[in-house]
Amino acid sequence: MKLLNPGDVIDGFEIEACLHAGGMAHIYTVQYALSEDGTRRQSEFPMAMKIPRMTAGDGAENIVSFEVEQQILPAITGSHVPRFVAAGDLSRLPYLVMEYVKASTLETWAENFHKETFQTGLQDRALARLGAELAHAVHSLHKQNVCHLDLKPANVLIRPSGKVVLLDFGLSCHAHYPDLLAEEMRKAVGSPAWIAPEQVVGVRGDPRSDIFAIGVMLYELATGELPFGEPVTTGGMRQRLWMDPVPPRKRNPNVPEWLQEVILKCLHPEAVKRYPSAAHLAMDLSNPDQIRMTERGKQVVGTGFNEHFKRWIKAAGMHYQPSPLPSRLIKEVPILMVALPHADVSDATWYSLREAVDRSLGIRPGARLACVTVISPNDTSSTESHKSESSVHRVHLARMQQWSQGLDLQDHQVSFHVLEASDVAHALVTYAEGNEVSMIIMGAATHGLQMQRFVSTVPIKVAMDAPCTVILVKQDVPFEFLGTLNDE
Amino acid sequence: MKIALLSDVHANLQALQACMAHAKAQGIDRWALLGDLVGYGGNPQEVVDIAMRLAEEGAWIVQGNHDAMAVQPPIDDQSLGNSTAQWTHEQLGASQRGFLKALPLTALSGPLLLVHASAHAPERWHYVDSERAADLCADHALQTYDARHVVVGHVHQQTVYYRGTGHSMMRFEPTAGVPVPMPSHRRWVATVGSVGQPRDHKPHAMYAIYDEAAGRMTFQRVSYDHQAAAAAILEAGLPEFFAERLAMGR
């Protein structure tokens, strides 16, 4: 399609300006065209029109990927994707009109980030915040049964607020739709630098492929280099089926161990050894101090030849396998949250909560646990040293860690969080929403015992407002056993 | 135009009524019955009467193997599957038999071909149960009828066979209630499942709605009174197995 001029009208949309004339598509800002009575419908947000360049020289994949995006964009909602407005008939006049998100791409963000890094050293916390926002955006897609499968800096927008918007669903896969890009030959579809190993052998629809791509982006932000370069051959792309990237700390000694741990976990060649969901990744990036460290976080020498050779043999047999439903897959590894009362409560309450959490974790291998307690802002003080925020928090963290001692946490990651808020229920619900929590476990009537008169309202408010299942635990310990429990 | 696609009713009146009520609530414009109105089930007369009424209102109806068998019951084949044909034959009146006998094997609406089994030799009742079978079906539909889209029954499963970037049909299992993009410029074959005898271990009746303008097909599952349908089978003195399988969807 030839370039359009400002003022041209297409199906009720008037072209304003050309934003981008790329190899695949032209993108314009548009507004609603003047109607016959001379009025103009106002849009609630700025709009952009994307028109594919389907000329004779363009490949079939360009056309199909436009069709894929036309199918998927209207089906996804939320603040992490541009809002869909309209689509043109593919056989007549293909176009997509969507929200024009005024934000910079991760490409631009990365340039500034690298400049600052050069001057002030690596801003690891800023990087972690960006990574967490990116993971939240990706998780919102996975919950809607969509895998992006072409995540790269050019397709990631960062709003001034720091929130992330994902673009370009031309290579994406919707588990409830026939996948037009799958084919019997099982070819790799994606961008070579960011594509996950399983995508190389034709797997489309594993949400952990997107986690790999996030890992590639974090790696590049942390070191300034791509972990696997930009291969141009299939053989080059297959390298990542067995090869570990050079440890980020070898390329940039300023990369902290926790960040390397996170990045290399995202980049594991086997999908099952990566983060099981983007929500888990976001949780780690939001709590760098509580990341479960392994040797991989510390290493500064790359994986040796022998290990790589063994994996190369194994990778030769790696082949296509169908993917389970993304929403089902991420539901299998939920984030559970237990709300622990912060005041002294009876042993029976502690015991009952621990029992309930143990049972819930026991049937969900891979689930992670967030232990949360809400304290009043009055409990801390900036003037009295024994009530300083950090020392008060330390006391509560220690109490929660003590509580968790009796849990079997072999297959589960756990983290501890002290929230300061006067409205306990609201704080718990907000935390659950912000961290993709799938289940809240809390005491039925004992939560916040010192507020006897109000106690029942906290669990009920949480149960009503929570975005997920809430389990209210009642004390179920026979009193004659209480003495023995303390001895354990 | 929104078309309700119902197949393999198998004389299950309760399931047919439930699906029709469900479809009416979705605002459909046209009915299509894809064969096997009778056989197995206990209410052949009522089901054929409904089909005759729908036909008068302009419904597309094609013949299935069980409809042909009810008109002319096989004498030599006494397998369980065919054992209800003689009974069904006796239940139906002359006009009902005449209606079934006169049904065409295919119906065509623009690029859309409706047929009970594969479009590849419809009178042979080939199952469309694999990518290969769907390829054959699609090729014959295009060559013989100039049809790019085929909707069939016979297999009692809800499946989409579609062509993406590759050269062969690929299989896709739809999720009930989710509109699946099936655009007019692509070639596809859909099997809409069975209204009266689901066999995927769920008792819910199956049918589909094709929204031509939107290029989307929604596969539906509808719960119905399968106990009443089973009771009708037992009351008619038909083999118990046909009653029992309804509750288990097998």
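Some values worked out for this structure:
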{"read-out": "So A:Ser346, is it of a type in the set (S, T, N, Q), surrounded by 17 or more Cβ atoms within 10 Å (Cβ to Cβ) and under 29 Å from A:Pro459 (Cβ atoms)", "value": "no"}
{"read-out": "Residue that is farthest from A:Asp210 (Cα to Cα) [pool: residues in segment A:104-133 that are modelled with pLDDT under 95 and basic (Lys, Arg)]", "value": "A:Lys115"}
{"read-out": "In segment B:25-46, the residues that are without any contact (Cβ under 8 Å) to a residue 60 or more places away in the chain and out of contact with any strand residue (DSSP E or B) (no Cβ under 9 Å at 6 or more places or on another chain)", "value": "B:Ala25, B:Gly39, B:Pro44, B:Gln45, B:Glu46"}
{"read-out": "Members of segment A:208-250 that are under 16 Å from the mean Cα position of the chain (by Cα) and β-branched (Val, Ile, Thr)", "value": "A:Ile211, A:Ile214, A:Val216"}
{"read-out": "Meets criteria (over 22 Å from A:Val262 (Cα atoms) and more than 14 Å from chain B (Cβ to nearest Cβ)) for A:Pro227", "value": "no"}
{"read-out": "Inter-residue pairs, beta-carbon under 9 Å, first assigned by TED's automatic domain parsing to the domain that holds A:Val262 and in segment A:121-138, second of a type in the set (Phe, Trp, Tyr), 6+ apart", "value": "A:Gln123/A:Phe113; A:Asp124/A:Trp258; A:Ala126/A:Phe113; A:Leu127/A:Phe113; A:Ala128/A:Trp258; A:Leu130/A:Trp109; A:Leu130/A:Phe113; A:Ala135/A:Tyr275"}
{"read-out": "Residue in segment B:58-79 that is on the phi < 0 side of the Ramachandran plot, among the hydroxyl-bearing types (Ser, Thr, Tyr) and touching a Gly at 6+ places or on another chain (Cβ under 7 Å) present", "value": "no"}
{"read-out": "Residue selected from segment A:369-408 under the condition out of contact with any helix residue (DSSP H, G or I) (no Cβ under 8 Å at 6 or more places or on another chain) and of a type in the set (A, V, I, L, M), by the criterion surrounded by the fewest Cβ atoms within 10 Å (Cβ to Cβ)", "value": "A:Ala398"}
{"read-out": "Test: residue in segment A:160-183 that is under 17 Å from A:Met283 (Cα atoms), in contact (Cβ under 8 Å) with a residue 12 or more places away in the chain and not aliphatic (A, V, I, L, M)", "value": "yes"}
{"read-out": "Matching residues, segment A:65-89, being touching a residue at least 24 places away in the same chain (Cβ under 8 Å), under 19 Å from B:Met217 (Cα atoms) and within 10 Å of chain B (Cβ to nearest Cβ)", "value": "A:Glu67, A:Val68, A:Gln70, A:Gln71, A:Ile72, A:Ala75"}
{"read-out": "Of all residues making up segment B:126-179, the number that are within 14 Å of another protein chain (Cβ to nearest Cβ), among the hydroxyl-bearing types (Ser, Thr, Tyr), assigned to a loop (DSSP other than H, G, I, E, B) and in contact with a helix residue (DSSP H, G or I) (Cβ under 7 Å, 6 or more places away or on another chain)", "value": "2"}
{"read-out": "Helices (runs of 4 or more DSSP H) contained entirely in segment A:258-371, each with at least 2 residues that are modelled with pLDDT of 90 or more, hydrophobic (A, V, I, L, M, F, W, C) and outside the structural domain of A:Ala135 (by TED's automatic domain parsing)", "value": "A:347-362"}
{"read-out": "Candidate set: segment B:149-185, residues that are in contact (Cβ under 8 Å) with a residue 40 or more places away in the chain, closer than 25 Å to A:Arg92 by Cα and not hydrophobic (A, V, I, L, M, F, W, C); chosen: the one surrounded by the fewest Cβ atoms within 10 Å (Cβ to Cβ)", "value": "B:Ser184"}
{"read-out": "Spans of strands (runs of 3 or more DSSP E) in segment A:1-91 with at least 1 residues of a type in the set (Gly, Ala, Ser) and more than 29 Å from B:Met182 (Cα to Cα)", "value": "A:13-21"}
{"read-out": "Positions within segment B:180-214 being within 9 Å of another protein chain (Cβ to nearest Cβ) and either in a strand (DSSP E or B) or touching a strand residue (DSSP E or B) at 6+ places or on another chain (Cβ under 7 Å) (or both), in sequence order", "value": "B:Val180, B:Pro181, B:Met182, B:Arg186, B:Trp188"}
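The values are calculated or read from the model by the stated rules, or taken from the named source; none is laboratory data. As the structure is a computational prediction, the values presented were derived from the model and not from experiment. Cβ: placed from backbone, ideal geometry, glycine included. Neighbour counts: every protein chain shown.
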